[in-house]
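Structure first, then comments.
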Amino acid sequence: MAAAEEITVDGRAVRVSNPDKPYFAELNLTKRDIVTYFLSVGDGILGALRERPTTLERWPGGVFEGAKLSTRADNRGDAFYQKRVPKGAPDYVETARIAFPSGRHADEVCPTELAVVAWAANLGTLTFHPWPVRRADVDHPDQLRIDLDPQPGTDFADAVAMAHEARALLDELGMQGFPKTSGGRGVHLYVPIEPRWTFVEARRAVIAFGRELERRRPDRITTKWWKEERGERIFLDYNQMARDRTIASAYSVRPTRRALVSAPLTWDELADARPEDFSVLTMPARFAEVGDLHAPVNEHAFGLERLLEMFERDERDRGEGDLPYPPEYPKMAGEPKRVQPSRARDD
């Protein structure tokens, strides 16, 4: 087994240690294969990450049966999130300073060239989690990310159906969304926006969007934060627009047995797509054929005025204000009680 090898990425020398190390043993995929995969979709992955503060989801031991990701509650996992730039990073690995909800700061990796992606893959990074902001202005998102998350009793087909409902609403609002698979059972829609609204405003825009969908299809989609209230419906996770919450980028590899990837799709493709069709093994050929279907995400920008007007209308006329933030966040202005309904009833 080779101890290390050096590859050249756009003129940069990138060291790949233990290139033959199994990363997806069932598929005979090694670390070298993962690095090669990211290079094969280079324009796409860099388009998703360029100039964005990015958390690295690192699986240095690869993906194997029983492997798990460390969490806040249990840090004994086999994989972990790297929010601060690792010590000893090459000088071409640039950073962006971001502020967490707690008020603390961190210097995160901010990819500016493909060599950074290869370097991160050598560290075991499978999934890249970019912020919806650019380094030049880390307080004003330039993307709305609509996460359609299947709940028990629903599946990818249900998420696809609600994605098409979301598209119809976006059309009514004069906006455009770009779909992709999550790499699992869900669907993500990216809506490019002008970077002049805060995270609070962007999150409220997604809440207003979700509530309108909920009114149209109450049997199929929900914005209920508490799992006990969601039922067998697609959950529109509005909190993915809260500061420091991110989702897997397009072309990221997910830690699944089949090495599935988050795949940009056309709207026509979405109806018949299956998540398992898009993997480390199949995406290179697809990318060579269709290119980066998410490139337009970086070329358009829409306003949030109508969605924010909808939020204000709901608050004024329906008494529907803000919704709960994730548990690790400080209490936010205008937020309702952060307690699940059954526990509140018990109290």
Amide H within-cut-off set for F80, under 5 Å, with H built and near neighbours excluded: R58, S70
Extended-chain gain in nm, criterion 0.36 nm per residue less alpha-carbon gap, A73 and R274: 69.1 nm
Separation of the F80 and T198 label points, Cα + 7 Å toward Cβ, nm: 3.3 nm
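Once R0 is set to 22 Å, what does the formula 1/(1 + (r/R0)^6) return for the Cβ-Cβ distance between A13 and D107, expressed as a FRET efficiency to the nearest 0.05?
0.40
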Amide proton proximity set for V63, modelled H, under 5 Å, gap of 5+: F24, A25
Contact order normalised by residue count of region 134-207, Cα under 8 Å, 6+ apart, percent: 44 percent
Lysines with Cα under 20 Å of K224, excluding same-chain neighbours fewer than 8 positions away: K331, K337
Percent of beta bridges antiparallel (DSSP, region 156-311, rounded to nearest 5): 70 percent
12 Å beta-carbon shell around F278, net charge (K/R +1, D/E -1): +2
Helical mean residue ellipticity (222 nm; -39500 (n - 2.57) per DSSP H run of 4+; nearest 500) of the chain: -7500 deg cm²/dmol
Å² of accessible area per residue within the chain, as computed with a 1.4 Å probe and no ligands counted: 45 Å²
In degrees, nearest ten, helix 199-216 long axis to first principal axis of the chain (Cα): 60 degrees
Packing-based ranking, highest mean first, of 66-74, 15-23 given that Cβ atoms within 10 Å are counted: 15-23, 66-74
Estimated vicinal HN-Hα couplings, Hz - region 234-246 in sequence order (Karplus 6.51, -1.76, 1.60; Gly, Pro = x): 7, 8, 8, 7, 5, 6, 5, 9, 6, 3, 6, 9, 9
Distant-in-sequence amide H partners of I221 (H built 1.01 Å from N, under 5 Å): I234
In sequence order, calculated HN-Hα J values of region 38-50 (Karplus, 6.51, -1.76, 1.60; Hz; x Gly/Pro): 4, 5, 5, 10, x, 4, x, 5, 6, x, 6, 10, 3
Förster radius 35 Å - calculated FRET efficiency between K337 and E299, Cβ distance, rounded to 0.05: 0.25
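Suppose every Lys and Arg Cβ carries +1 and every Asp and Glu Cβ carries -1, with no other charges. What dipole size does the chain come out with about its Cα centre, to the nearest 20 debye?
1020 debye
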log₁₀ of I(q)/I(0) at q = 0.10, 0.16 Å⁻¹ - region 37-130, Debye sum with one point per alpha carbon: -0.27, -0.68
Relative contact order (%) - criterion: Cα under 8 Å, at least six apart; region: region 155-310: 30 percent
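Taking R0 as 25 Å, what FRET efficiency do you get between D20 and K87 from their Cβ-Cβ distance, rounded to the nearest 0.05?
Here the calculated transfer efficiency is 0.45.
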Of the GluC sites (Glu not before Pro) in region 163-271, those whose Cβ has at most 14 other Cβ within 10 Å and which sit in DSSP loop: E232
Rough spin-label spacing in nm, given labels placed 7 Å along Cα→Cβ, for E6 and E228: 6.1 nm
Region 1-49: radius of gyration and largest Cα-Cα distance (Dmax), Å: 11.8, 34
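Between E94 and F64, what length comes free when the chain is fully extended (0.36 nm per residue of separation minus the Cα-Cα distance, one decimal in nm)? Show your work: numbers first, answer last.
Working: separation 30, 0.36 × 30 = 10.80 nm, distance 3.14 nm.
The span from E94 to F64 would gain 7.7 nm if fully extended.
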Span from the region 153-207 Cα centroid across to the region 49-102 one, whole angstrom: 26 Å
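The values are calculated or read from the model by the stated rules, or taken from the named source; none is laboratory data. Quick caveat, the model's predicted, so the values are computed rather than measured. Positions of Cβ are backbone-derived with ideal geometry, glycine not excepted, and every protein chain shown enters the neighbour counts. For accessibility, only protein heavy atoms count, side chains too; no ligands or nucleic acids. Shrake-Rupley method; radii C 1.70, N 1.55, O 1.52, S 1.80 Å.
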